[in-house]
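The values are calculated or read from the model by the stated rules, or taken from the named source; none is laboratory data. Keep in mind that this is a model prediction, so the values were computed, not measured. FYI the Cβ positions are ideal-geometry reconstructions off the backbone, even for glycines, and counts take in every protein chain you see.
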Amino acid sequence: MKKTLLDWVVCPQCKTLLRSETERVDDDTDEILQGTLICEQCRRRYPVLGGIPVLLVSADYQALISRSFGFQWRLKKRKLFESRTLYGRDPETALADFFERLNLHPEQIRGKRILDAGCGSGMLIPGLSRYECEIVGVDLSHPAEAFEHNRGRPNVHIITADLFQLPFPEKTFDIVWSEGVLHHTPDPSRAFASLQKSLKSGGTGYVWVYSKSPQERIRRLLRTYGLPRWILYGLCYCLVLPYAAWMGLRILLRFRSTAFAFFDALSPRYQSGHGREEVRNWFSSADFTRIEMTEDRGFFWQAVWGVGIKR
């Protein structure tokens, strides 16, 4: 954790600045590796674990999410799923998609503060960090891989936090980016509204959510989110062959990516699909203008993404 984070990150409960009781610091980067953050008003205490501040009011929801996604990211780190890509995309492709979808040139993000809400392994963040912007990656599952990928980058912060109770003052960020996350929350529209409170007037907001998941029938039939994680892991690989027979043999070229996508769709307790007009209404209700909606279809999903400018 960078010490500069203490200048503007707040208690998620009462929105008051935090002070640090540091126990261990990285000698090379001067980052806080172990310690406690204390709210001066409500006296809540938040741990810093392995360099990552854990800014959660309640750990119950985190435990539920970590059961699926924490396990998934650990398997990916051990190369038991795709390792150098994410859903078949490499980091440079993901970075190019960021600029294309936001209709921005790399020079336009210099000096900006960006929130990657639901950063996962943090694949997008190293590329963005090259452009002299400040980036905050937030994830509910302890994002240790994202921290390691970005360790030592002075303009990157990785935080464990809940999208419903973010540890930021309102109007903190110039860009709020959330891809493939909100449909895995118990109330996606409320999660969207919570995110956009942290966006500055004139800032850009982006969200990508499932519109329809081709795996939903399997999920409902087998109640896969309740299966033991290792059994579900094996099942995901077993499902690739019949899925390829249905969707086309080109799926086999992305065998490990397809298994990873199956796990993403079948393991979470929460998953929902959202139509184009529904997501447009999220933007309208949060006082956005210049809203653009696009349907997206991949090997493993049907989705919709939207982008807009906050009034």
If you go through R190, R220, the only one that is at pLDDT below 95 and not in a loop (DSSP other than H, G, I, E, B) is R220
Given the options R254, R269, name the one that is of a type in the set (K, R), in contact (Cβ under 8 Å) with a residue 40 or more places away in the chain, surrounded by fewer than 18 Cβ atoms within 10 Å (Cβ to Cβ) and assigned by TED's automatic domain parsing to the domain that holds P186. R269
Residue list for the stretch 214-244, restricted to those being over 19 Å from G88 (Cβ atoms), surrounded by fewer than 20 Cβ atoms within 10 Å (Cβ to Cβ) and of a type in the set (A, V, I, L, M, F, W, C): I218, L221, L222, L227, W230, I231, L235, C238
Residues of the stretch 165-174 satisfying the condition of being of a type outside the set (D, E, K, R) and surrounded by fewer than 24 Cβ atoms within 10 Å (Cβ to Cβ): Q165, F168, P169, T172
Pairs only if they're at least six apart or on different chains, beta carbon under 6 angstrom, first in the stretch 124-147 and in the same structural domain as T4 (by TED's automatic domain parsing), second at pLDDT below 95; list them, first residue then second. none
Inside the stretch 82-109, can you point out the residues that are modelled with pLDDT of 95 or more and aromatic (F, W, Y)? F98, F99
Filter the stretch 135-164 for residues that are buried (at least 19 other Cβ atoms within 10 Å of the Cβ) and among the charged types (D, E, K, R); the one that is farthest from T93 (Cα to Cα) is D162
Kindly provide the set of residues from the stretch 96-121 that are part of a loop (DSSP other than H, G, I, E, B) and free of Cβ contacts under 8 Å to residues at least 24 places away in the same chain, ordered by number. H105, R110, G111
Among the residues listed as T172, T204, the single one being out of contact with any strand residue (DSSP E or B) (no Cβ under 6 Å at 6 or more places or on another chain) and either within 25 Å of E100 (Cα to Cα) or not acidic (D, E) (or both): T172
Output for the stretch 169-221, where each listed residue is free of Cβ contacts under 8 Å to residues at least 40 places away in the same chain and more than 19 Å from K310 (Cβ to Cβ): D187, R217, R220, L221
